[in-house]
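First the structure, in the form of structure tokens, and then the observations on it.
Values quoted throughout were computed directly from the atomic coordinates according to the rules given, and no laboratory measurement underlies them. The model shown is predicted, which means the values in this text are computed figures rather than measured ones. Cβ sites come from the backbone with ideal geometry, for glycine too, and all protein chains shown count toward neighbours.
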Amino acid sequence: MTAALDSVRYATLASYSWEQPRLLLLLPLLPLLFVLRWALARRRRSKLGVAFVAGRVPRDWSTGLRFLPDMVLVLSLCFGVVALARPQRVDERVVQTGEGIDILLVLDVSGSMELQDLRPNRLEAAKRVALEFLHGRRGDRVGLVVFAGDAYSLAPLTTDYELLRENIESLRLGMIPNDGTAIGTALGVATNRLRDSPSHTKVCILLSDGENTAGSLDPLTSAQLAHAYGLKLYTIGLGQDGTVPFFTEASGQTRFVETRLDETTMRQIAQAGEGRFFRATDNAGLRQIFQQINRYEKSEIKQTRYRNTQDYYRLYLFWCLGLWLVWLALKNTFLTNALED
């Protein structure tokens, strides 16, 4: 009984999904059928004025009982429409299978990353596109290595993308006291981080704007060692060669410095790691490079959906049939208006 009463609550009806939801549009039309029947019967019925008593006949609550059979019939039809609309509850489970890839971002945070040929400067531009790249990953482990004159692993390989975002956003110029550009050392740290990875695909993305000026490891030797451990190397050269803006003084005058990227070494590193070299001279170019890498390195994640559908139309069909029987019973009582029928 409790389940039957619970089935007519609004919250219960609203919780269903419907196989034929358009049939529910018939519900507000059902009472109109009886109004139409009453109107047609009123027009065809012959009228005879008969006065039984003088004055006004007192109304009693029992006179409203003559509408009870029609109300029961409307309810029966309403439940019938609800049953035809097929109320259901769907339990859907999504199971992901597949293997992600391991990606290590290796970012240069040396003093030259303050140059402003990329806006607002090279480091901030690199951080922005790294965050966008991270947003597109699903199921991949990503780590972070930063370097200047020394190299450090700032974040281990993880799928905790929120932690990675916080680490990337915290990058700043001067965070490594020993300035310089230790590309070889940075690749060595990346190799050490990825070499024990069980993933079939291990990717290292190196961003730098200069030439190797620090560290004890030769960049090309480090690249060959990385390749021996199965790392695929992408290198991105940041900025323009020549005279570029450094900073703007309080007087409004912009200072310029000479800068040069060792493009040859960066190309050799990518070639040794069976990857690709890219050159980014502006923000739009840097963003396009990361979009390209994102298309190249896609993990294969398969989704399997399991749907368990349970029908509830039987309960409303029982209501419909039960009220129909009640209506038939009422039609054989004093509540029936024989003159109307």
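Taking one equal scatterer on every alpha-carbon of segment 123-224, how large is log10 of I(q)/I(0) by Debye at q = 0.11 1/Å?
Results for segment 123-224 at q = 0.11 Å⁻¹ read -0.33.
Quick one: which residues, 5+ away or cross-chain, put their amide H under 5 Å from the amide H of F256? H built at 1.01 Å from N.
F246
Could you list which residues have their amide H under 5 Å from that of F278, counting only those 5 or more apart in sequence or on another chain, with H placed in the peptide plane?
The list, which skips near neighbours in sequence, is T235, I236, G237.
List the residues whose amide H sits under 5 Å from the amide H of T158, counting only those 5 or more places along or on another chain, with H placed 1.01 Å from N in the peptide plane.
Residues meeting the amide H criterion: V142, G143.
Cross-link candidates for K202: which aspartates and glutamates have Cα within less than 16 Å, leaving aside residues fewer than 8 places away along the same chain?
Of all the aspartates and glutamates, those that pass the test against K202 - Cα under 16 Å, at least 8 places apart if same chain - are E99, D102, D140, E274, E297, E300.
Please list, in order, the residues from segment 150-187 whose amide nitrogen is less than 14 Å from a point placed 7 Å along the Cα→Cβ vector of T221.
The answer is 183-187, whose backbone nitrogens lie closer than 14 Å to the label point.
Grab the beta carbon distance between L328 and R138, set R0 = 56 Å, and tell me the FRET efficiency rounded to 0.05.
Efficiency computed from Cβ-Cβ geometry: 0.40.
So if we plug the beta-carbon distance of K298 and Y152 into 1/(1 + (r/R0)^6) with R0 = 30 Å, what FRET efficiency do we get, rounded to 0.05?
0.55
Evaluate the distance, in nm, between pseudo-label points positioned 7 Å from the Cα of R172 and of L30 along their respective Cα→Cβ axes.
6.9
Apply the Karplus curve 6.51 cos²θ - 1.76 cosθ + 1.60, θ = phi - 60°, to the phi angles in segment 228-235 and return the couplings in whole Hz, x for Gly and Pro.
Using θ = phi - 60°, the values come out as 4, 8, x, 7, 9, 10, 10, 10 Hz.
How much length would be gained if the chain were fully extended between E92 and N308, taking 0.36 nm per residue of separation minus their Cα-Cα distance, in nm to one decimal?
Value of the extension gain: 77.1 nm.
Cβ neighbours within 10 Å, averaged per peptide: list 310-323, 254-267, 143-156 in order, most packed at the top.
143-156, 310-323, 254-267
Applying a 10 Å radius around every beta-carbon, put 100-106, 67-73, 192-198 in order of their mean neighbour count, most first.
Ranked by mean Cβ neighbours within 10 Å, highest first: 100-106, 67-73, 192-198.
How high is the relative contact order of segment 101-298? Use alpha-carbon pairs under 8 Å, at least six apart in sequence, and give a whole percent.
24
Short version: what are the Cα gyration tensor semi-axes of segment 101-298, square root of 5 times each eigenvalue, largest first, in whole Å?
They are 26, 18, 15 Å, listed from largest to smallest.
Take every Cα pair under 8 Å in segment 145-216 that's 6+ residues apart, average their separations, divide by the length, and report that relative contact order as a whole percent.
Across segment 145-216, relative contact order equals 43 percent.
When a footprinting reagent is the concern and you count Cβ atoms within 10 Å, what order do K298, K127 take, fewest first?
Listing K298, K127 from fewest to most nearby Cβ atoms yields K298, K127.
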